[in-house]
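**Student:** Sharing a structure below in structure tokens format, with a few things to ask.
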Amino acid sequence: MHNQDPGTVKQAMKAQVVSALSTVLDPELCLDIVELCLVYYIDIKDHDVRVEMTMTTPACPLNSYCSQAIERAIRRWLPEVLHCEIEIVWQPQWDASMMSQEAKRQMGWR
């Protein structure tokens, strides 16, 4: 990869991170966190990945579980990642209208 444009490499890594995150299901809704639009920001610097995300509710007791599942998924898809930081944020506050059309369809919304 040393001859590739760094921007292209970063975009490819970001796509892999999104693919990895798509394998992580919200345990209560059984939909992936990407379709639920819980992931707000992904930053990649060298071999470090930082993800900002939220939960469906601030009272959700599964913060730790989700953070660990996300890190495992990223490391499985991108074994070259050295440091993986998952930050749970509460702004903007998530609501169901933020879900993708596919997630809404899977939940039976029209």
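**Student:** Within region 93-108, track down each residue that is outside any helix (DSSP H, G or I) and either of a type in the set (Ser, Thr, Tyr) or closer than 11 Å to THR56 by Cα (or both).
**Tutor:** If the condition is that a residue be outside any helix (DSSP H, G or I) and either of a type in the set (Ser, Thr, Tyr) or closer than 11 Å to THR56 by Cα (or both), then GLN93, TRP94, ASP95, MET99, SER100 are the ones that fit.
**Student:** A further question follows. Quick check, is ILE33 closer than 24 Å to ALA96 by Cα, touching a Lys or Arg at 6+ places or on another chain (Cβ under 9 Å) and without any contact (Cβ under 8 Å) to a residue 40 or more places away in the chain?
**Tutor:** When the stated conditions are applied, ILE33 does not pass them.
**Student:** Closer than 19 Å to SER100 by Cα, out of contact with any Asp or Glu (no Cβ under 7 Å at 6 or more places or on another chain) and either of a type in the set (A, V, I, L, M) or assigned to a loop (DSSP other than H, G, I, E, B) (or both): does that describe GLU80?
**Tutor:** So GLU80 does not fit the description; no.
**Student:** Which condition number does LYS14 fail, the rest of (1) out of contact with any helix residue (DSSP H, G or I) (no Cβ under 8 Å at 6 or more places or on another chain); (2) at positive phi being met?
**Tutor:** Evaluating LYS14 over (1) out of contact with any helix residue (DSSP H, G or I) (no Cβ under 8 Å at 6 or more places or on another chain); (2) at positive phi leaves (2) as the failure.
**Student:** Going by what's in this entry, would ALA59 be described as at pLDDT below 95 and either farther than 17 Å from GLU85 by Cα or within 10 Å of the chain's Cα centre (by Cα) (or both)?
**Tutor:** Against the criterion (at pLDDT below 95 and either farther than 17 Å from GLU85 by Cα or within 10 Å of the chain's Cα centre (by Cα) (or both)), ALA59 qualifies.
**Student:** Can I ask one more? Which of the residues belonging to region 35-71 are touching a helix residue (DSSP H, G or I) at 6+ places or on another chain (Cβ under 6 Å), in a loop (DSSP other than H, G, I, E, B) and surrounded by fewer than 19 Cβ atoms within 10 Å (Cβ to Cβ)?
**Tutor:** The answer is CYS37, and nothing else.
The values are calculated or read from the model by the stated rules, or taken from the named source; none is laboratory data. Since the model is a prediction, treat every value here as computed from it, not as a measurement. Every residue, glycine as well, gets a Cβ built from its backbone with ideal geometry; the counts of neighbours run over all protein chains shown.
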